[in-house]
Structures are given as C-alpha cells and as structure tokens.
Amino acid sequence: MSATLVIIDMQKALDDPRYGTRGQHDAEANMARLLTHWRDLGNPVVHVRDNSLDPDSPYAPGKATHEFKPQLAPLQHEPIIDKQTNNAFIGTDLMQVLEEFGSSDLIVCGVHLHQCVESTVRMAGNLGFLVFLPEDCVICVDVLDRKGNRWTADQVHDLTLAILDGDYCKVVSSADLMGSAADGVIH
C-alpha cells in the first residue's frame, strides 16, 4: 500500500508579510519535487486549503492570496480538503478521503510547521497513522514568545521537528523519502 502525500495550506497567502520573517526558502521547490515524484508513481495526493473565517486574512476565500501556489496546485482528480481550523482533520472529510484511499501511511508537508502542520501530524499520529515528515518540505516563521523573546524560523523549525520526531512521526529528508519509495511504498 502506498502512502498518501498530504500538502497543507500551500497557498499564496503564506507570502503575506504579516506572518513575519520566514525560513526554509527551498521548501516550495522541495515540495514540488516530492509532489512530482509522488504523482509519477501514481500515488494519492491530498491538498489541504485554509478557508479562514477572518475576512481580513490572506487565507480568506475569494482573495487572490487564497489560491494555491502554482507549482503545488492540485490536479483536477486530486482531492482538496477545505479547513477552518489549524488541524486538517477537524471539521473536514480528510479521514474519509484517507479511508477511501486505504491509507495507513502519510507524508505530511506544508505551512506552517509549528501550527497547522504540527496539529495535523499530532492528530494523525494519535489516530494510528504512520506519519513521515520531510524536514525540508515544511516552512516556519519567526515567533515572538510571551516573554518578548524572538525565536528565528530556523530555531522554531528545528525545535518543532525535534518535538514531533519519534512520538508523532518520523522526520526524514525528501531525498531519502523519494529514494526509499521508488515503488510508492516507504521502506
């Protein structure tokens, strides 16, 4: 059985300056390579789209920034899961789609690692999925903590991956993932 690639919130909105300084500038290119590889194998892909309820949000439906980034846009037959929370399982039909695909393994990537990707990975792990998280296919931004300390996007990225690895997912590189999944099954 092949893993399902789940791409979270890769919309033009992520480039809005209100989200602050971002890191992982190669993430879109890495995701595009992984997406192409997964499609070439004929494996399932699911796109998650943030439909913010805040009309001022760049993720609000109807805005140009709500659109998917062109290099990561879904093909006509690939399901789009519309969400309104930070977790792609809550209030959506993601679980039903994964059941229809017969998925027990997931590859999760997208934006922002420390928010929507993390909450979805934690839920997937708790639901019993074997989750692979390609470290070079996720994006973070700088975070200001409650004491006023600024944590860089790279620090947030490294810490979030360390917290998730082992308990909720297996952190891997996209190159290793693609190399181990030549037949679509992760070994």
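Of all aspartates and glutamates in the structure, those lying under 14 Å Cα to Cα from Lys12, and not within fewer than 8 positions of it along the same chain, are Glu28, Asp50, Glu67. Between Gly102, Gly23, Gly62, the residue with the greatest mean-square fluctuation in the GNM of the chain (Cα pairs under 10 Å linked by springs) is Gly62. When the chain is treated as a Gaussian network with alpha carbon springs shorter than 10 Å, the biggest mean-square fluctuation among Lys69, Lys147, Lys83 belongs to Lys147. Of the cross-linked pairs Lys83/Lys170; Lys63/Lys147; Lys69/Lys170, which ones have a Cα-Cα span greater than 30 Å in the structure shown? Listed pairs above 30 Å: Lys63/Lys147.
Highest mean packing first, where packing is the average number of other Cβ atoms within 10 Å per residue, the peptides 71-82, 134-145 line up as 134-145, 71-82.
Using only the C-alpha atoms, the convex hull of the range 4-180 corresponds to 119 Å³ per residue.
For the peptides 34-40, 165-171, 3-9, residues were scored by their other Cβ atoms within 10 Å and the scores averaged per peptide; the highest-first order is 3-9, 34-40, 165-171. Here the chain is treated with +1 on each Lys and Arg Cβ and -1 on each Asp and Glu Cβ, and its dipole about the Cα centre works out to around 320 debye.
Readers should treat all values here as calculations from the given coordinates under stated rules, not as data from a laboratory. All values reported here derive from a predicted model rather than from experimental measurement. For neighbour counting, all protein chains shown are included, and Cβ atoms are generated from backbone atoms with ideal geometry for every residue, glycine included.
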